[in-house]
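No lab work stands behind these numbers, since they all come straight from the coordinates. This structure is a prediction, so every number in the text was calculated from the model and none was measured.
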Amino acid sequence: MNPTPVGSFTRFLVGFLTFISVSLGVTVGVNAYATGQDAEQQAASALSAMLSKK
């Protein structure tokens, strides 16, 4: 049974959009994690600087 061009394109489109969605989700997740780590590090550095200036 030969696949139809429309069926092949539909499978390609679904796979491609799934790949793009997963990639975007991973990118957003990693970015959110990194931003949180940076904010935590900045807060710790600021607190350390305030305490050492006494």
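Whole-Hz Karplus values for the range 26-32 come out as 5, 4, 5, x, 5, 5, 5 Hz, taken residue by residue from phi with 6.51 cos²θ - 1.76 cosθ + 1.60 and θ = phi - 60°; glycine and proline positions read x.
The base-10 log of I(q)/I(0) for the chain, evaluated at q = 0.16, 0.18, 0.25 Å⁻¹, reads -0.67, -0.73, -0.90 [Debye formula, identical scatterers on Cα atoms, solvent excluded]. Helices in the chain, meaning DSSP H runs of at least 4 residues, each add -39500 (n - 2.57). Divided by all residues, the mean residue ellipticity at 222 nm is -33000 deg cm²/dmol.
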